[in-house]
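Only one structure is covered here, and it is reproduced in the block below.
Bear in mind that the values in this text are calculations on the coordinates, not laboratory data. Computed from a predicted model, the values in this text were never measured in an experiment. Reconstructed Cβ throughout: ideal geometry from the backbone, glycine too, with neighbour counts over all protein chains shown.
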Ligand SMILES: Nc1ncnc2c1ncn2[C@@H]1O[C@H](COP(=O)(O)OP(=O)(O)O)[C@@H](O)[C@H]1O
């Protein structure tokens, strides 16, 4: 799997992502600088977490106007796959490559703890290695993970099956109003969504930080294994 | 400013804090952002137009926010 | 709004982004917060006074921020 | 402004210190010169009250590469790698503006570590707050915790550990001690001694504003109600710029262009320029016209004393200017040549065609005040009454214990700190007695802890000091690490009071005893004095003596790190006498 990681000023989880991609795919990802105006030949582009431009103004807003975003749009149009995690998800929504927006957590505090996600479908490039409705543990680390969208957008997302991950409790039960099961207060407890063509995925938590038993588990590994499967068969 | 209908967690928290402080008759608190800047635009209209462009392109997120522009000489 | 002389990292970053977007004649960008609320105060003066109290006690951080209050009917 | 002894006093110089300055200068100094003397001779920069005692601490071991005297301590952790670490306080600023005070504290200690060529891999902290029932405490706790998280999370360095206690003596004077640990190749460590007459002096990072002018002297002045009026001395941190600065500096250091480098910390341009030139035994000439400025009409005095954050001073060779500039341009940071090294042994500061300062560096350093302040034995407090209450059931007693502020869960704090970023955190907060991180790309682990029990130090300073060191050692051992060295932060009250000086002296000796007994040297640290609050009746209340210890140990096989969660079955052993 040929993957590339996009670095904006203030990106800070690119190393975590590189470790995870290397570990699961066996191949080092290419690091791409936000000013680049051409992309190498790639299967997958990843927008990792961080605080691009300090998350000043709105999370992801300024990075969404970086020169590389034009290349990313072209890459998607040509059939490429994109994963945006945390700040990467925020950037993808600000660039309108994914619907909705991410607001300040309901608690108004940064949340750094483990949470649980439910895999809503396993027939996608990002989730094929999970069972359907599998529940997995993942690291959360964000201040703005509260997913909002208009009610039309939400019903379109639900109708088209584009909600990929939802926050749940350890038993897999979703409860939008429970501050433990849905810590940011996301609409429909949404943690991750897909684009209409199912090739762009954005999610708030960090599967890349749980790919090693030494660091507390391998719960995030299936995401990367799914992508490897997609590109290498 | 967040659009009507978008829940404003910050505004809600501020409202709560104000009530705790004893400002009991305050309600519908909404928190927004204000950005002041200087421009070399020659006319009032040009400045307004520029402000609106900046709002649409970067300063506000149309999905969740409204904005308005005011020119002060 | 941050007091004059206090570093405004937000404003600085926004200015930079506006320049990248081609708004080259923009400068001195400062970012602040605006808080809208409804009060049951009976008179204009009472509302103003209440607003100032809220600003001093909670809404603004007097160490680094200035604030002003406006009453709209 | 007329420079005379009265003004000197306002700047914190005693009559003797003022007279000594006149003798060195041989003339009445300019305002800028007075400013330079006053900050260099402040408690904060000169350690004039504590130096005699700090010198008694053991600082050597075969694995120590650099002990105190550099920006941070450096120890050998094997496989050609070194751990670089230090702790620093930001107590006074955190009382005035908790968020920014704590945030800029984290920023400052990060710079002390990456300035030596290390990539910061972990942050820790030690916090002390007032009585939870005091009206200010909640606001200060909230601001400090948000500030530490806000800065560390944005910069992308995991906050993996720390400690928090509450006591009324910290009501008007919280303690915010921040520690950073970084990793570098042993043969790629950067020092601050300038060298090479004619080499350019480069300024990088953020622009200079009027932030925190006189912060360094404020940090050494006793606190009172007036402190509230000194508000504009608060600096605002920009963790985003710090992140860029880390990446840019590490990129520059990967070339062989850097001769010397130092962050602009307390007393900004003054202390960095004076220390770099002083350590290298060269002179330095600065032209302030070239300093990147955020505000207009700044004077030489203001620029020399500004404490604007996220700035560094670098000496490189002249033919490397273009290469260095390209790196800082890429990271969108300011870059300016603001002077050069000379052979005069003086610091010369020029601004708009005038010489604003011309001071010989050797006497500025060598004749810095050094006080053997009188000590008085610390009156030992009354023994605590021993009460056995039979009316409490075991369950009630347990509930009362876990409900008290000093024992309650700290999860609400560490859940606001990103502890996993970097993907190397093996034992997170709450997971073990010490935090454990893997050294990326190796089997090595680092164990990290901060410890101090001020109550013990109050009861018996010598044993309390020793206990803090021993506790750090135990915490490191408990996760399976080999304890290597400590950094420390000595937080005390007013050293001009003999009983406070007595506490300090005893605590330091206790620490030294323990360090020697455990082969656990001190490689870096910081001192924060004048931690007192004026009470309403005018009396000053000192904080509890708080010599905080930051310990570092190494595990050769990180996968063997032990946690403290109980397995589902097994036996419990207690080791040692009860
Ligand atoms: N309590 C202490 N124990 C050991 N070393 C100390 C202590 N306090 C300060 N030092 C050492 O003194 C030197 C100067 O410290 P400091 O002025 O804090 O450095 P900086 O200017 O980088 O902030 C450093 O090398 C520091 O490690």
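In nanometers and ordered shortest first, the copy-to-copy spacing of the residue C:43 label point, defined 7 Å from Cα toward Cβ, is 4.5. Length gained on full extension, residue D:405 to residue D:564, computed as 0.36 nm times the residue gap minus the Cα-Cα distance: 55.1 nm. In degrees between 0 and 90, to the nearest 10, how far off the longest principal axis of chain C does helix C:44-54 point, with axes built from Cα atoms? Its long axis makes an angle of about 60 degrees. For segment D:351-497, a/c is not less than 1.5, where a ≥ b ≥ c are the root eigenvalues of the C-alpha gyration tensor, and a/b does not top b/c. That puts it in the oblate class. Using alpha-carbon positions, what is the distance between the centroids of segment A:168-233 and segment D:179-216, in Å? That distance is 41 Å. With a ≥ b ≥ c the root eigenvalues of the C-alpha gyration tensor of the protein assembly as shown, is it rounded (a/c under 1.5), prolate (a/b larger than b/c) or oblate? Because its axes are fairly even, with a/c under 1.5, the protein assembly as shown counts as rounded. Taking Cα centroids, how far is segment D:547-578 from segment D:449-496 in Å? For segment D:547-578 versus segment D:449-496, the Cα centre distance is 18 Å.
Helix D:31-40 sits at what angle to the longest principal axis of chain D, using alpha carbons and giving 0 to 90 degrees rounded to 10? Tilt of helix D:31-40: around 30 degrees. When shorter helices are ignored and each DSSP H run of at least 4 residues is given -39500 (n - 2.57), the per-residue value for chain C at 222 nm works out to -9500 deg cm²/dmol. Could you work out [θ]222 nm for chain D from helices alone, using -39500 (n - 2.57) per DSSP H run of at least four and dividing by all its residues? Round to the nearest 500 deg cm²/dmol. For chain D, the value works out to -9500 deg cm²/dmol. The alpha carbon centroids of segment A:1-69 and segment C:12-43 are separated by 29 Å. Model label points for residue D:15 and residue D:295, set 7 angstrom from Cα along the Cα-to-Cβ axis, are 3.5 nm apart. Given a cut-off of 33 Å, what percent of all Cα-Cα pairs of segment A:3-230 lie beyond it? The proportion of pairs with Cα distances above 33 Å equals 7 percent. For chain B, the convex hull drawn through the C-alpha positions has a volume of 114 cubic angstrom per residue. Across all C-alpha atoms in segment D:434-578, the radius of gyration and Dmax reach 18.0, 59 Å.
Overall shape: prolate for segment D:4-84, with the ratio a/c of the largest to smallest alpha carbon gyration tensor axis at 1.5 or above and a/b above b/c. Rg over Rh for segment A:1-136 works out to 0.96, using Cα positions for both radii and the Kirkwood form for Rh.
Residue and whole-Å distance for the chain B Cβ lying nearest the axis of the B-onto-C rotation are B:34, 2. Shielding value for A:135-145 is 2, the average number of Cβ atoms from other chains within 10 Å of each residue's Cβ. Counting only alpha carbon atoms, the long axis of helix D:15-25 and the longest principal axis of chain D meet at about 40°. Using a 7 Å projection from Cα along Cα-to-Cβ, the label point at residue C:27 is separated from the same position in the remaining copies by 4.8 nm, smallest value first.
Just grab the label-to-label distance for residue B:48 and residue D:482, each label 7 Å out from Cα along the Cβ direction, in nm (one decimal). Spacing of the two 7 Å Cα→Cβ label points: 7.5 nm. For chain D, taking the reciprocal of the average inverse distance between every pair of different Cα atoms yields a Kirkwood hydrodynamic radius of 24.3 Å. Averaged over the residues of peptide D:423-429, the number of Cβ atoms from other protein chains lying within 10 Å of each residue's Cβ is 6. Mean partner shielding of peptide B:9-19, defined as the number of other chain Cβ atoms within 10 Å of each residue Cβ, is 4. Sorting D:104-110, A:168-174, A:145-151, D:480-486 by average packing, meaning the other beta carbons within 10 Å per residue, from highest down gives D:104-110, D:480-486, A:145-151, A:168-174. Ascending distances from the residue B:69 label point to its copies in the other chains, with the point 7 Å along the Cα-to-beta-carbon line: 3.2 nm. Judged by the mean number of other Cβ atoms found within 10 Å, the most tightly packed of the peptides A:152-163, D:146-157 leads the ranking D:146-157, A:152-163.
Sorting the segments A:84-96, A:66-78 by their mean number of nearby beta carbons within 10 angstrom, highest to lowest, gives A:84-96, A:66-78. Computed over the Cα atoms of segment A:98-148, pair by distinct pair, the Kirkwood hydrodynamic radius stands at 12.5 angstrom.
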